[in-house]
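Written out below as structure tokens is the structure these notes cover.
The values are calculated or read from the model by the stated rules, or taken from the named source; none is laboratory data. All figures in this text were calculated on a predicted structure; none of them were measured in a lab. Note that we place each Cβ from the backbone using ideal geometry, even for glycine, and neighbour counts take in every protein chain shown.
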Amino acid sequence: MAVGGGGDAAGNSIVDIAVNSGDFDTLVAAVVGLALAWAYSAPPFRLKLNGWWGNAALPEFNTDTPAVRDFFAAFGGGLLLVDEAHSLGMLGDHGRGVTEAAGVEDDVDFIVGTFSKSLGAIGGYCVSNHPQLEAVRFAIRSYIFTASPSPSVIASTRAALRLMQQRPELRERLWDNAQRLYDGLKALGFQVSPQVSPVVAVTIKDRNQAIAWWQELLQRGAYVNLVMPPASPTSDSLLRCSVSAAHSNEQIDRIIDAFAALQPDSTAAAD
Ligand SMILES: Cc1ncc(COP(=O)(O)O)c(C=O)c1O
């Protein structure tokens, strides 16, 4: 968990919390961090809660609604922004994300998300019932003096949104696939996150080892995302496997087999 700070053009303090793990202690640490930030910066401030890496935080919020409610209630004086980048399409009865799953959509001031993950397009959104949402149109760097998304991007985003709404069974399939891969990699002894999520991330201590395994997996037909410091949240590297509803059981098993065949790289430093 990381707590960062900053300020916006309107002079508000921004408290930016990146949550990398979904356990309750992390949430408590986030609250303590926020309290400290509150103490050192005069309200009004904005809080940005960031479920990072899709590893763990979001499903935990789903099952721990009271903790989320307490968390929100404790900072009722601020504005809360939730980033649904990793939960849109994955959580909630309609796929709207962690806030829908936790039943707290009305308690959140701003919800942002990206079209670039579950929707397979590019661009993003910010929704709010606050009139201040208008300010976004005039102030945010990525909106002003930039081209609008092309019609093809908008069309494919809308098509993906329709599928998300009309075919909830895809969401079930996604979670089945994620669970299958997660269980398989865990059984092989790989270090995975505490909870299953559609991004199954394997933690590798040594970056040379991570690079070697990433290449080996590619040769065996499994493309995964290699994340190394400083892009990874700690000094560890990650092999992130993005699972989709379109994967078949056979494909998931092939990925597990590819991991099973990995041998420690002799050039990698010992832990
Ligand atoms: C938590 C989170 N928010 C926002 C984004 C931004 O996504 P994009 O720039 O692709 O729209 C990402 C991308 O990885 C992310 O992980």
> Looking only at segment 117-134, which residues are within 14 Å of the ligand (Cβ to nearest atom) and over 12 Å from the mean Cα position of the chain (by Cα)?
Replying inline: Leu119, Gly120, Ala121, Ile122, Gly123, Gly124, Tyr125, Cys126
> What tally of residues in segment 119-174 results from selecting those that are in contact (Cβ under 8 Å) with a residue 60 or more places away in the chain and among the polar types (S, T, N, Q)?
Replying inline: 1
>> Of the residues Leu161, Leu174, Leu188, only one is at pLDDT 85 or above and in contact with a Pro (Cβ under 8 Å, 6 or more places away or on another chain); which?
In response: Leu174
>> Among the residues that make up segment 233-256, is at least one of them crowded, with 16+ Cβ neighbours inside 10 Å and over 28 Å from Gly89 (Cα atoms)?
In response: yes
> Which residues, taken from segment 97-122, are surrounded by fewer than 21 Cβ atoms within 10 Å (Cβ to Cβ) and either under 27 Å from Ser148 (Cα atoms) or not assigned by TED's automatic domain parsing to the domain that holds Tyr143 (or both)?
Replying inline: Asp109, Phe110, Val112, Thr114, Ser116, Lys117, Gly120, Ile122
>> If the requirement is being of a type outside the set (Ser, Thr, Tyr), closer than 25 Å to Asp176 by Cβ and more than 16 Å from the ligand (Cβ to nearest atom), which of these qualifies: Asp93, Asp107?
In response: Asp93
